[in-house]
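Scroll down for the structure; my scribbles are underneath it.
The values are calculated or read from the model by the stated rules, or taken from the named source; none is laboratory data. The structure displayed is predicted, hence computed values, not measured ones. Neighbour counts run over all protein chains shown; Cβ positions are idealised from the backbone, glycine included.
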Ligand code: PEP
Ligand code: MG
């Protein structure tokens, strides 16, 4: 059999499996929620089994020897545009269905399954139980009625959890066996902060929780009020507390008075929300919106950090055995100039409308920083020639999230305008612990001395060169480490929106003068336990 026929056979297999799953989903939904709700799965099944829809892509594969996923993508655009242009609202709606089905088939062809289509017809509050979720699934899940999710796989700093936190959705990962145990319609209690769930909680549990909830609600009010005030230690030391953003929801809900700026704008979420590369205009509008909303406060826009657990079908990144050590972030951007240049042009154009800074992820060499900065200069030159406004002195900084960048931070500090420590990756790369793998999460510990020494070294090297250091990884909102980070001299904490007030409150509890010596003491410890004990002794009440 030649390659084309193999490709078509692969498609038929995917199609058949998907149709079978839709059939099952239909029956489950029918039993749980009735015909009206279940109907969508029947409609999807009709579409996926429609030979007419897939006739052209199959023919194109035979004639042009291209991948079936690409051929379906092309056909999807044509057909869904045709339906979308019809005057009948029902037919317009079908355009979305065709798009969803084709996207799902393409994802499955690319080895991605379980993309949350099941959630699209939910009409009452639900908690999603899944084996695993990708950030792309999470972006696409219909969140109107989603109250939280719990998955078997995943690590506490996987992007799914980060995204959930950013959206304020409780999420629990690493819940082994939950798929076996949970049944549709059951009650589940989940605590996203403490990372556990309880199936069918009994009365006593609910009573205790409700008692505790009063205190939690009080604290929430206190933190909300704190978000609008500056973060100042007892002895008057001011620290910036910014917000991590990037997803559409955070962008919509952004309130400038509730933070000191945006310390990390993850642009990959914009790319995930699209079915193809967002063009310069769309990117420009998004970056301009956040820059304007920030009203002069800083907005650190991180260039595309795709790869690792953030994959995009349309980028056609080859499958890798070790994606976190592979083709990721700045490596892709330096390799795919067109994508990088388009993004840099959009960021630069937006810089005329606010206080934007550019940040590169995953830097491991000085050469990468230089090359990336050269690309910024190239984008500037293009805009200048086109007489388009931008901020000539836009600061260009980097993420410190690899041991390589820590060890050469003295050199990097001479050529970067600022650092932002990405502890999510720094912990995984320093301790060789996959941030996605639930079975090694016990080793993924920010209190590992290697991580703390790295943070300290980076701050010292940055300050020697007079550049500021922020932290945009999840450790920035880990209350155990707040006194240590203050003692080390961290200039900026950047955390998910809901944590800004809490972190400001925590900072306000400490007297920097009384923390002198803490860094040396902690860094001289012999074990993680000792570090934790020392930190606990210094935790403010
Ligand atoms: C980090 O690694 O800490 C970080 C902020 O980047 P991301 O979580 O997006 O990899
Ligand atoms: Mg990172």
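For region 145-161, give me each residue that is touching a helix residue (DSSP H, G or I) at 6+ places or on another chain (Cβ under 7 Å) and within 18 Å of residue 495 (Cβ to Cβ).
Residues satisfying the conditions are 156, 157, 159, 160.
In region 184-193, which residues are in contact with a strand residue (DSSP E or B) (Cβ under 8 Å, 6 or more places away or on another chain), at pLDDT below 90 and under 24 Å from residue 499 (Cα atoms)?
Passing the criteria: only 192.
Looking at this structure, is residue 438 within 23 Å of residue 228 (Cβ to Cβ) and touching a residue at least 60 places away in the same chain (Cβ under 8 Å)?
In short, no.
Can you pull out every residue in region 419-433 that is farther than 22 Å from residue 396 by Cα and either touching a helix residue (DSSP H, G or I) at 6+ places or on another chain (Cβ under 6 Å) or surrounded by fewer than 21 Cβ atoms within 10 Å (Cβ to Cβ) (or both)? If you could, list the steps in order and put the result at the bottom.
Of the residues in region 419-433, the ones farther than 22 Å from residue 396 by Cα are 427-433.
Within region 419-433, 427, 429, 430, 431, 432, 433 meet the criteria.
Can you confirm whether region 287-299 contains a residue that is within 16 Å of ligand 2 (Cβ to nearest atom) and either crowded, with 23+ Cβ neighbours inside 10 Å or at pLDDT 95 or above (or both)?
There is no residue in region 287-299 that is within 16 Å of ligand 2 (Cβ to nearest atom) and either crowded, with 23+ Cβ neighbours inside 10 Å or at pLDDT 95 or above (or both).
Would you kindly identify the strands (runs of 3 or more DSSP E) lying entirely within region 347-448 that contain at least 3 residues that are within 16 Å of ligand 2 (Cβ to nearest atom) and more than 25 Å from the chain's Cα centre (by Cα)?
Correct list: empty, since no element meets the threshold.
Which one of these does residue 417 not meet: (1) more than 15 Å from ligand 1 (Cβ to nearest atom); (2) out of contact with any strand residue (DSSP E or B) (no Cβ under 7 Å at 6 or more places or on another chain); (3) in contact (Cβ under 8 Å) with a residue 40 or more places away in the chain?
Just one mismatch for residue 417, condition (2).
Please report, ordered by residue number, the helices (runs of 4 or more DSSP H) entirely within region 114-183 with at least 1 residues that are crowded, with 18+ Cβ neighbours inside 10 Å and modelled with pLDDT of 85 or more.
Correct list: 178-181.
Quickly run through region 242-260 and pick out the residues that are more than 13 Å from ligand 1 (Cβ to nearest atom) and either more than 15 Å from residue 472 (Cα to Cα) or buried (at least 24 other Cβ atoms within 10 Å of the Cβ) (or both). First the steps, then the outcome.
If we filter region 242-260 for residues that are more than 13 Å from ligand 1 (Cβ to nearest atom), which is where we start, we get 248-260.
Result: 248, 249, 250, 251, 252, 253, 254, 255, 256, 257, 258, 259.
For region 509-539, give me the residue count where each residue is in a loop (DSSP other than H, G, I, E, B) and buried (at least 17 other Cβ atoms within 10 Å of the Cβ).
Pass one, region 509-539, residues in a loop (DSSP other than H, G, I, E, B): 509-511, 516-517, 524-527, 539.
In the following step, the residues that additionally are buried (at least 17 other Cβ atoms within 10 Å of the Cβ) were identified as 510, 525.
Looking only at that region, the number is 2.
Restricted to region 475-496, and to residues that are within 16 Å of ligand 1 (Cβ to nearest atom) and in a helix (DSSP H, G or I), which residue is farthest from residue 397 (Cα to Cα)?
Filtering first and then ranking leaves 481.
Condition test on residue 339, is it buried (at least 19 other Cβ atoms within 10 Å of the Cβ) and touching a helix residue (DSSP H, G or I) at 6+ places or on another chain (Cβ under 7 Å)? Spell out the reasoning first.
Details: buried (at least 19 other Cβ atoms within 10 Å of the Cβ): no; touching a helix residue (DSSP H, G or I) at 6+ places or on another chain (Cβ under 7 Å): yes.
Taking the combined requirement at face value, the residue does not satisfy it.
Considering only region 451-474, state which residues are more than 16 Å from ligand 1 (Cβ to nearest atom) and not in a loop (DSSP other than H, G, I, E, B). Write out each step before concluding.
Taking region 451-474 first, the residues more than 16 Å from ligand 1 (Cβ to nearest atom) are 453, 456-457, 460-468.
Of everything in region 451-474, those that are more than 16 Å from ligand 1 (Cβ to nearest atom) and not in a loop (DSSP other than H, G, I, E, B) turn out to be 453, 456, 457, 460, 461, 462, 463, 464.
Return the residues of region 150-169 that are more than 16 Å from ligand 2 (Cβ to nearest atom) and free of Cβ contacts under 8 Å to residues at least 40 places away in the same chain; say none if nothing qualifies.
Matches in region 150-169: 151, 164, 169.
Looking at this structure, is residue 269 touching a helix residue (DSSP H, G or I) at 6+ places or on another chain (Cβ under 7 Å), buried (at least 17 other Cβ atoms within 10 Å of the Cβ), closer than 30 Å to residue 188 by Cβ and modelled with pLDDT under 95? Before the answer, list the steps.
Working: touching a helix residue (DSSP H, G or I) at 6+ places or on another chain (Cβ under 7 Å): yes; buried (at least 17 other Cβ atoms within 10 Å of the Cβ): yes; closer than 30 Å to residue 188 by Cβ: yes; modelled with pLDDT under 95: yes.
Yes.
Let's see how each residue does on (1) modelled with pLDDT under 95; (2) touching a strand residue (DSSP E or B) at 6+ places or on another chain (Cβ under 6 Å); (3) surrounded by 16 or more Cβ atoms within 10 Å (Cβ to Cβ):
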{"residue": "285", "(1), (2), (3)": "no, no, no"}
{"residue": "302", "(1), (2), (3)": "no, yes, yes"}
{"residue": "307", "(1), (2), (3)": "yes, no, yes"}
{"residue": "315", "(1), (2), (3)": "yes, no, yes"}
{"residue": "330", "(1), (2), (3)": "no, yes, yes"}
{"residue": "334", "(1), (2), (3)": "no, no, yes"}
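Taking strands (runs of 3 or more DSSP E) that fall entirely within region 202-304, which contain at least 3 residues that are more than 30 Å from residue 335 (Cα to Cα)?
Numbers: elements: 238-245, 261-266, 298-302.
Qualifying strands (runs of 3 or more DSSP E): 238-245.
Go over the candidates 239, 206 one by one and state the one that is more than 27 Å from residue 138 (Cβ to Cβ) and surrounded by 15 or more Cβ atoms within 10 Å (Cβ to Cβ).
239
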